[in-house]
1. What FRET efficiency, computed as 1/(1 + (r/R0)^6) with R0 = 41 Å and r the Cβ-Cβ distance, is obtained for residue 13 and residue 83, rounded to the nearest 0.05?
2. Estimate the FRET efficiency between residue 26 and residue 67 by the formula 1/(1 + (r/R0)^6), using the beta-carbon distance for r and 30 Å for R0, to the nearest 0.05.
3. Against the longest alpha carbon principal axis of the chain, how many degrees, from 0 to 90 and to the nearest 10, is the axis of helix 53-62 turned?
4. Between 60, 81, 19, which gets the highest mean-square fluctuation from a Gaussian network model of the chain, Cα cutoff 10 Å?
5. Would you look at the GNM of the chain, springs on alpha carbons closer than 10 Å, and say which of 12, 84, 38 moves the most?
6. State the percent of C-alpha pairs, over all pairs in the range 43-96, separated by a distance greater than 19 angstrom.
7. With a 10 Å cut-off between alpha carbons and a GNM built on the chain, which of 66, 21, 80 moves the most?
8. Given Cα positions, please report Rg to Rh for the chain, the hydrodynamic radius being the Kirkwood one.
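No value in this document is a laboratory result; all are computed from the given coordinates. Predicted model, so just to flag it, every value in this text is computed and none were measured. Here the Cβ positions follow ideal geometry from the backbone for every residue, glycine too, while neighbour counts run over all protein chains shown.
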């Protein structure tokens, strides 16, 4: 189980104490990987980065596409997605 919270003390006091009543648990170091996603923390910027590289490599290997040619990402670096661009009706969803 992965627990996250802004304040480490909250995890220790609330979650761990209460969960230890019902489950056998041990505290591991801060998470670096979960479900084949690599997690990189930028403490100074207060950001997290997730990398799906291992998962992608597994999928490519499974479908025998490991030696396929790569292409660049179709979006430009300045391109931003917003909620305004989301589909608003079932018809729009079906058209996609």
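1. 0.70
2. Efficiency, rounded to the nearest 0.05: 0.10.
3. Taking Cα atoms only, the helix is inclined about 60 degrees.
4. 81
5. 84
6. 63
7. Judging by the Gaussian network model, the answer is 80.
8. My calculation puts Rg/Rh at 1.10.
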